[in-house]
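One structure is given here, and the rest of the page talks about it.
The values are calculated or read from the model by the stated rules, or taken from the named source; none is laboratory data. These numbers were taken from a predicted model, which means no experiment stands behind them. Cβ sites come from the backbone with ideal geometry, for glycine too, and all protein chains shown count toward neighbours. The protein model used for the area step is the full one, side chains on, heavy atoms only, and it has no ligands, DNA or RNA in it. Shrake-Rupley method; radii C 1.70, N 1.55, O 1.52, S 1.80 Å.
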Amino acid sequence: MHRYHPVVATPLTDVPASLGADGVRRLYRLMLLTRLLDERLWIVVRQGKAHFVLTGRGHEAAQCASALAVHAGSDWVYTYYRSLGAAIALGFTPYEIFLGVLGKAADPISGARQLPNHFSSRRLRTPTVSSSVATQIPHAVGTAWATHLRGEPVATLCYFGEGATSKGEFHEALNVAGLHRLPVVFFCENNGWAISVPLAEQVAGGSVAARAAGYGMPGVLVDGLDPLAVYQATDEALRRARRGDGPTLIEATCLRLTPHSSDDSDAYRSDDERAALAARDPLPAFRDRLLAAGLIAPDEPERWTDEFRASLLADQDRADALPPPTAERARRWLYQEPR
Ligand SMILES: Cc1ncc(C[n+]2csc(CCOP(=O)(O)OP(=O)(O)O)c2C)c(N)n1
């Protein structure tokens, strides 16, 4: 018994050619997997198995769709702590993410030395990032400058929130990128909140995209709840960068459907505000759009949900069975080793 029975399928007219129908199905599956992993990670914290988690619920459309436009393993990507969906779409596995969240020695990102979800991988060309807000932005510009000097036809994509655009690093980095027409795409996920500080108290002028004009680059405002629009905008900006036409600043409007982190009470938002956000959740909206277009079958969302839930539980158990790092490792790489 399924709830969805589209009678007449209406074709989607805005599927980007480079994504295609298969790409659209893949995008929905990635968003769904990200959401189910996200929910699982918060349960793991409530179970007392992990001390902290920070996810991107409500950002899945912006994150998964933009990451699908990356040439993974060739382009460079700087994520931030909220980039769970981008990480999954780039090729990090849920098992790897459980290893970090559960603080296991086998965590491939940092051996559990960093906070969870500070994604890095040599294979995926995602350099390590700091928890310090906005520090990845000048790093991304440095990477773009290096690839530019070497004449490599690759782009660098850099993710951050709108709160990060108040930091000096953002302005310095965009100035250098604009000045030298570097192959970098700045991707701002604007969820309206920097922890408890609303956009109106954080971003002078009220628009992130408009700031691009001051740095001599295009600023693109995109609906971050519409995965196809996000894919199109990011794909175009990355192509521009790869062919040597310079940087772009994209502002994708998103929703933060959870507290800032598992350590945040969310007390500064009312129940009514949270309910209004939940009603605009991008995941069921995209599902219904694809069902109506006949791009996914009526039974697929539920079937995929069951499959993903089972595989995530198996991943969690497999990761949970492994040991934590040894105490001796805590100081390694911090001080010079005794000779
Ligand atoms: C330099 C610095 N200042 C403050 C913090 C504490 N902090 C962590 S996340 C965050 C909010 C950032 O908001 P935003 O950039 O909008 O991203 P979001 O978390 O909303 O995705 C702050 C203030 C920090 N990590 N680093």
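Each residue of the stretch 236-249 was assigned a 3J(HN,Hα) from its phi angle through the Karplus expression (A = 6.51, B = -1.76, C = 1.60, θ = phi - 60°), giving 4, 5, 5, 5, 4, 5, 4, 8, x, 9, x, x, 9, 10 Hz with x at Gly and Pro.
In the chain, the DSSP-assigned H stretches of four residues or longer account for a calculated mean residue ellipticity at 222 nm of -12500 deg cm²/dmol, using -39500 (n - 2.57) per stretch and the full residue count as denominator.
A simple charge model with +1 on the Cβ of Lys and Arg, -1 on the Cβ of Asp and Glu and nothing else charged puts the dipole of the chain at about 980 debye relative to its Cα centre. Taken one residue at a time, the phi angles of the stretch 85-102 give Karplus couplings (6.51, -1.76, 1.60, θ = phi - 60°) of x, 5, 4, 5, 5, 6, x, 5, 9, x, 4, 4, 5, 4, 4, x, 5, 7 Hz. Gly and Pro are set to x.
Evaluated with a Cβ-only charge set (Lys, Arg +1; Asp, Glu -1), the stretch 193-339 carries a dipole of roughly 860 debye about its Cα centre, given to the nearest 20.
Solvent-accessible area of the stretch 184-339 (1.4 angstrom probe, protein heavy atoms only): carbon and sulfur portion equals 54 percent.
Reported to the nearest whole Å, the Cα centre-to-centre distance from the stretch 65-142 to the stretch 233-281 is 17.
Database remark: amide H of TRP76 closer than 5 angstrom to the amide H of ALA155, THR156, LEU157 (H placed geometrically; neighbours at sequence offset of 5 or more, or on other chains; Pro and chain starts carry no H). Of the residues ALA72, GLY48, HIS59, the one whose Cα sits farthest toward the positive end of the charge dipole of the stretch 33-72, with +1 on the Cβ of Lys and Arg and -1 on the Cβ of Asp and Glu, is GLY48.
How would you order 290-302, 118-130, 313-325 from highest to lowest mean count of nearby Cβ atoms within 10 Å? Kindly include the intermediate steps, with their values, before the conclusion.
Working: 290-302: 17.4, 118-130: 18.9, 313-325: 14.3.
Ranking, from highest mean packing down: 118-130, 290-302, 313-325.
Provide the per residue accessible area, probe 1.4 Å, for the stretch 67-135, rounded to a whole number of square angstrom. Before the final figure, lay out each step's value.
Details: 2210 Å² over 69 residues.
Heavy-atom accessible area per residue stands at 32 Å².
Largest first, the residues ILE109, ILE43 sort by 1.4 Å accessible area into ILE43, ILE109.
Working note: Karplus 6.51/-1.76/1.60 with θ = phi - 60° gives the stretch 164-175 the couplings 5, 6, 8, 8, x, 4, 4, 5, 4, 5, 5, 4 Hz, where Gly and Pro are set to x. Taken about its Cα centre, the stretch 168-275 carries a charge dipole of roughly 660 debye when the Cβ of each Lys and Arg holds +1 and the Cβ of each Asp and Glu holds -1. For VAL208, no residue 5 or more places off, or on another chain, has a built amide H under 5 Å of its own.
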